[in-house]
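Peer 1: Questions regarding the structure given below will be posed in turn.
The values are calculated or read from the model by the stated rules, or taken from the named source; none is laboratory data. Source: prediction; values computed, not measured. So basically every Cβ, Gly included, is an ideal-geometry build from the backbone, and we count neighbours across all protein chains shown. These accessible areas exclude ligands, DNA and RNA; they are computed on the full protein's heavy atoms, side chains included. Shrake-Rupley method; radii C 1.70, N 1.55, O 1.52, S 1.80 Å.
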Amino acid sequence: MNPDIVSLCENIVPKSYITQGSQARSTHENKIQHLLQQTKLPEEGWSDQTIELFLQELAVMDSNNFMNNCGVGEREARIASELVARRHYRFGHGIGRSGDITAVQPKAAGSSVMMKVTNRLVLDAIKLSGIHSVTNCFVVPMATGMALVLCMLTLKLRRPNAKYVLWPRIDQKSCFKSIVTAGMTPVIIENFLEGDELRTDMDEMKRKIDELGADNILCVMSTTSCFTPRVPDRLEEIGILCKEKDIPQLVNNAYGLQTSKCCHLIQQSARVGRVDAFVQSLDKNFMVPVGGAIIAGFDKKFIDEIGKTYPGRASASPTMDVLITLLSLGSSGFKKLLQERKTLFEYLATSMADCAAKFGERVLQTKNNPISLGVTLTTQDMKIEPTEIGSMLFTRCVSGTRVVAPSKNNTVSGYTFKNFGAHSDIYPCAYLTASGAIGMKKDDVDLFITRLAKVLSKVKNIKDNSPENKERAEGHDGIR
């Protein structure tokens, strides 16, 4: 509140009251001022009131909220529904301009500030996650698959004669479809089995580079976060190979920001070799609604090029969602969530191992996967097909598990994969996966184990009468 308004208020009510109120408001304003000065995550999270004040102050700087505005263009951020206007805090111009998603808009100073501040806060969060030498990033209003497409289209501008993308196999449709959508030809590098783990076949990758020619290869699309028994790619070795052969490396880091291991792999790969860009999902790492991703990298100029490849303006919703979330958490809250996830992953691993042993199964030994765990499903001991276990869990309100059984084929964008879901043609057993992801609570683990035990007891005719399971059932489970 400006001094003139404060002074006028003092003519209406006692000055001491106004002074106290003005000081209270200054507490909020000081936080906003510090944020704009430092453009780093605040140590402690903000209150909702401070966040809303910040958004309102920015919104009134956009032309659609000018009291005397006369808009005669075709795009004036007119909003027909008051409900929609309130949902978006009266921001309507989106972010970017027709030639660059990170450019500022003359009509939308507030939206432009919000976009610039958010990108810097996200950069700070990436560094807190462990990728310390990242230099540039921006939020894009597309999920991971389309963000990968944007990166490949930008690489195509640099390498117009290249058409192949080397892709160590990961059975997740969107990352594979992104290659085809970008107009590239995928070259599938099958994983090899090492114990229970599926790992990158570096010898096959080198052979394919020699066969196709480095100049004809657009990039290697490697992966960090993935469903077990596949583990993160050998990023350091890939980075060294890409640097030696002058081939870009694009990293699919979909939900890898939440784990220090995946972030360390990216950091090391860039340090000893080459990483051109890495992409991660907003919803999976920051617990916001689906619809946004972060494109980041170590070469500021190249990341800027990707931003210029995006055609037209973009929705500001994902930007606003992650801004609100990061300001609510602060750096201390975000680091706390990362640590809680790591602790709960260990608890999930122990709980799944104990449960599996009671039914003659075991947890897959995939020590290199820091998020996803798997339990074997021995088919000869069951009255039903293993895949039905997934349905049984889902009807008991357990979401997120995946059951994979051998011999399931699937065609994706014209390419047929044997044993789709297993990341391999030859994985030797059926299994069920569960993930220890950010935001999970101990109660989620306990309830999952209780319901998993009930399902396994039904399909195997083995009762779990252990005291700990009874305690879990009495304390948590209302579904039979």
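Peer 1: Write out, first by first residue and then by second, each pair whose Cβ atoms fall under 8 Å of each other, whose residues are 6+ apart or on separate chains, and whose first residue, in the range 43-54, is free of Cβ contacts under 8 Å to residues at least 60 places away in the same chain while the second is open to solvent by 50 Å² or more (accessible area, probe 1.4 Å) and assigned to a loop (DSSP other than H, G, I, E, B).
Peer 2: Pairs that qualify, where the first residue is free of Cβ contacts under 8 Å to residues at least 60 places away in the same chain and the partner is open to solvent by 50 Å² or more (accessible area, probe 1.4 Å) and assigned to a loop (DSSP other than H, G, I, E, B), are Glu52/Tyr89.
Peer 1: Still on this structure, I have one more. Residue check: is Gly390 touching a residue at least 12 places away in the same chain (Cβ under 8 Å) and either among the acidic types (Asp, Glu) or closer than 23 Å to Val180 by Cβ (or both)?
Peer 2: On the way: touching a residue at least 12 places away in the same chain (Cβ under 8 Å): yes; either among the acidic types (Asp, Glu) or closer than 23 Å to Val180 by Cβ (or both): no.
Here the answer is no, as Gly390 does not meet what is asked.
Peer 1: Here's something else I'd like to know. For the range 79-91, which residues satisfy the criterion of being under 18 Å from Ile324 (Cβ atoms) and either under 25 Å from the mean Cα position of the chain (by Cα) or of a type in the set (S, T, N, Q) (or both)?
Peer 2: Correct list: Arg87, His88, Tyr89, Phe91.
Peer 1: Just wondering, is there one or more residues in the range 435-449 that are at pLDDT below 65 and buried (at least 21 other Cβ atoms within 10 Å of the Cβ)?
Peer 2: In the first step, residues of the range 435-449 are kept if they are at pLDDT below 65; the result is none.
Looking for residues that are at pLDDT below 65 and buried (at least 21 other Cβ atoms within 10 Å of the Cβ), one finds none in the range 435-449, hence no.
Peer 1: For the range 218-249, how many residues meet the condition of being surrounded by fewer than 24 Cβ atoms within 10 Å (Cβ to Cβ) and either charged (D, E, K, R) or in a strand (DSSP E or B) (or both)?
Peer 2: Total satisfying the criteria: 7.
Peer 1: Determine which single condition Glu29 fails, assuming it passes every other condition in (1) more than 29 Å from Leu128 (Cα to Cα); (2) open to solvent by 30 Å² or more (accessible area, probe 1.4 Å).
Peer 2: It is condition (1) that Glu29 fails.
Peer 1: Looking only at the range 378-404, count every residue that is part of a loop (DSSP other than H, G, I, E, B), more than 25 Å from the chain's Cα centre (by Cα) and either among the β-branched types (Val, Ile, Thr) or surrounded by fewer than 20 Cβ atoms within 10 Å (Cβ to Cβ) (or both) and tell me the total.
Peer 2: Pass one, the range 378-404, residues part of a loop (DSSP other than H, G, I, E, B): 378, 382-386, 396-401.
Still in the list and also more than 25 Å from the chain's Cα centre (by Cα): 378, 382-386, 396.
Subsequent filtering for residues that are either among the β-branched types (Val, Ile, Thr) or surrounded by fewer than 20 Cβ atoms within 10 Å (Cβ to Cβ) (or both) retains 378, 382-385, 396.
Count: 6.
Peer 1: Does the range 187-214 hold any residues that are surrounded by fewer than 16 Cβ atoms within 10 Å (Cβ to Cβ) and under 23 Å from Val363 (Cα atoms), and which are they?
Peer 2: Residues satisfying the conditions are Phe192, Leu193, Glu194, Gly195.
Peer 1: Starting from the range 412-429, keep only residues that are touching a residue at least 12 places away in the same chain (Cβ under 8 Å), then list their pairs with residues that are assigned to a loop (DSSP other than H, G, I, E, B) and of a type in the set (Lys, Arg) whose Cβ atoms are within a distance under 7 Å, requiring at least 6 positions of separation or different chains.
Peer 2: Asn419/Lys408; Phe420/Lys408; Gly421/Lys408; His423/Arg169; Asp425/Lys418
Peer 1: Among the residues of the range 166-186, which ones are buried (at least 18 other Cβ atoms within 10 Å of the Cβ) and more than 22 Å from the chain's Cα centre (by Cα)?
Peer 2: Within the range 166-186, Leu166, Met184, Pro186 qualify.
Peer 1: Are any of the residues in the range 64-76 at pLDDT below 95 and not in a loop (DSSP other than H, G, I, E, B)? So that I can check it myself, show each step before the final result.
Peer 2: Of the range 64-76, the ones at pLDDT below 95 are 64-76.
Now narrow it down to the ones that are not in a loop (DSSP other than H, G, I, E, B): 64-65.
The answer is yes; a qualifying residue exists.
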